[in-house]
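Take a look at the structure set out below.
What follows draws every value from the coordinates through simple rules; no lab data is involved. As the structure is a computational prediction, the values presented were derived from the model and not from experiment. With ideal geometry, Cβ positions are generated from the backbone for all residues, glycine too; neighbour counts draw on all protein chains shown.
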Amino acid sequence: MALVASGLCLSCLFLLFCGLLVVFGFYCAYVHYVHLRYDHIPGPPRASFLFGHIYYLIRAKKDGKIQHAVFLEWAKEYGPIVRINILHRVSVIITSPELIKVFLMSPKYKKDPKIYLNLQNLFGERFLGRGLVSEIDHEIWYKQRRIFDLAFQRSYLMSLMGAINEKAEQMMEILEAKADGQTEVCMQDMICSTIYAITAKAFFGMEFKSLVDEQKPFLLAIQNIITGMTLARIPFAKFSPGKRKLINKTRESIRFLRQVGKEWIKYRREAMQNNQEFPPDVMMQMLKGAAEEGTNDEFLVDNFVTFLIAGSETSSNQVLFVLMELQRHPEIVERLRAELDEVIGSKINIEYQDIGKLQYLSQILKEVLRLYPPVTGTVRWLEKDFVVDDGLLIPGCTSLCFTTYAMGRMEIYFEDPLTFNPDRFSPEAFKPNFTYFPFSLGPRSCIGQYFSQMEVKVLIAKLFQRLELQMIPGQDFGVLDSITLKPKHGLVCTLKPRGS
């Protein structure tokens, strides 16, 4: 009996093995079919029949390169339309201004559902759900956008200058107390805490007594989530036993932020029912829109988490890149301070009218976004075959990748592109169209971009108005790619009062 049972087990294993071989054979045949559909599109040679170009991306990461730097190299070598193979999926990198206009300026082309599913649900946990960033259906997204547009009208943005100045001054008080020329300060921690406090107050009316301590759980949760999102981009990485702890941390952090959102939504709804007055902020528009549309609270939480993370992460990184890059350009700092002295002088509170007068600071911010866009690009889904003017066919069911990072560093669009030169964004300078889109373009461009630049301007203006920063030795100017781009070392500096 034992021999019979053993023989049956061996037979079952053999049949299973044969079945797996057949499945694998069919899969390889399908990959070959995919190659035949796309191999007319230019691209680097595949390092592997099955894994395609993934080897190059892994090697680049080990070498300290970011993914979009590899895309830049390929665009220079193979042209404005480049094919990338990874397993059975093919993406097409596009660096043609004409095609950028076609695909980004029209609502016809949706975001890639396969990519945005990881934003809707991350490791099985509802994350951004059907929020403004991750919603794919254009009609549903458009309804949300119309509701939230009310929270970004000029009149309301003007009213936010008080909150921005208040939090920025709290930051300055902390930094000025450490401005002895010796105390090391992690500017990443300080800037992230300040931007987060501004975002929470401006969008949701949430107030923190302490600029740093009370926010640590929130900032840690956001960092855990971003680390988890970075892992989720790597095929099959989530199945690695060594990543289980990170995945659990990510899930816990998502649950934490969503629970905070639920509690704050409940508080604001009850307060409004008791006739308590609130400004027309994002939370107010969320609740009004939900009442009109009959939306459940899970959708409200989706947008709470969306605005909380998107509203703080990218702006923080932009400020850090400004501080980092200006370490190398004392002549630009001198021009910036001359403008600040003329427009702001010794004023503590920066007014809304001052923002528009800081022309050179605007140029610096745009040049930073050209070289270091926190969001490196965007994607769209091509449902049907598309023929480019030169006759090249891009097959339907293809993910299209648009990279503002690569286009901002290409000589054909920007002269001497690796040189930091704010004057390329002066009012009289020529600016090529559809080559620069750090906030995306078209109907799905970032809703909060003007608010973001308001708060970034205030923080940068106050820092250079009153302090001198010096990076401590041992740090380089490297860039870390973790969903968004940020300075590699967190920017640790010593501070001194200006002119001391």
Review point. Where the centre of each part is set by its Cα atoms, how far does segment 149-164 sit from segment 435-500, in angstrom?
Key: 22 Å
Review point. Just how far, in whole angstrom, is segment 363-406 from segment 308-358 if you go by their alpha carbon centroids?
Key: 29 Å
Exercise for review: Enumerate the whole-percent occupancy of each 10 Å bin, from 0 to the last occupied one, for all C-alpha pair distances of segment 263-337.
Suggested key: 15, 34, 18, 15, 15, 4
Review point. Between Gln470 and Arg146, what length comes free when the chain is fully extended (0.36 nm per residue of separation minus the Cα-Cα distance, one decimal in nm)?
Key: 112.2 nm
Check your understanding: Tell me, what is the FRET efficiency for Tyr55 and Glu277 to the nearest 0.05, using R0 = 56 angstrom and their Cβ-Cβ distance as r?
Key -> 0.40
Check your understanding: Given Cα pairs under 8 Å that are at least 6 residues apart, what percent is the relative contact order of the chain?
Key -> 22 percent
Point to revise | With Cα atoms, 0 to 90° folded angle of helix 67-78 axis to the chain main axis | key: 70 degrees
Exercise for review: Give me the lysines in straight-line cross-link reach of Lys245: C-alpha distance below 27 Å, same-chain residues under 8 apart excluded.
Suggested key: Lys61, Lys62, Lys65, Lys114, Lys216, Lys262, Lys486, Lys488
Practice item. Report ³J(HN,Hα) in whole Hz for each residue of segment 44-61, in order, from the Karplus equation J = 6.51 cos²θ - 1.76 cosθ + 1.60 where θ = phi - 60°; Gly and Pro get x. Key: x, x, 5, 6, 8, 4, 8, 8, x, 9, 4, 4, 4, 6, 5, 5, 4, 4
Check your understanding: Do the sum for the chain: with -39,500 (n - 2.57) for every DSSP H run of n ≥ 4, divided by all residues, what is the mean residue ellipticity at 222 nm, to the nearest 500 deg cm²/dmol?
Key -> -18000 deg cm²/dmol
Point to revise | Under 18 Å from Lys110, Cα to Cα: lysines that are on another chain or at least 8 residues apart | key: Lys101, Lys143, Lys384
Point to revise | Three-way shape call for segment 82-143 based on the alpha-carbon gyration tensor, with the a/c threshold at 1.5 | key: oblate
Check your understanding: Hey, what did segment 299-391 get for relative contact order, percent, Cα under 8 Å, at least 6 apart?
Key -> 37 percent
Exercise for review: With an 8 Å cut-off on Cα pairs and a minimum separation of 6 or more residues, tell me the relative contact order of segment 316-444 in percent.
Suggested key: 24 percent
Review point. Of the beta bridges DSSP finds with both residues in the chain, what % are antiparallel, to the nearest 5?
Key: 90 percent
Review point. Hey, which aspartates and glutamates would be in cross-link range of Lys347, C-alpha to C-alpha under 13 Å, not counting anything within fewer than 8 residues on its own chain?
Key: Glu169
Practice item. Please work out the Cα convex hull volume for the chain and give it in Å³ per residue. Key: 191 Å³
Exercise for review: Treating the angle as unsigned and between 0 and 90°, give the value, to the nearest 10°, between the Cα long axis of helix 449-466 and the longest Cα principal axis of the chain.
Suggested key: 50 degrees
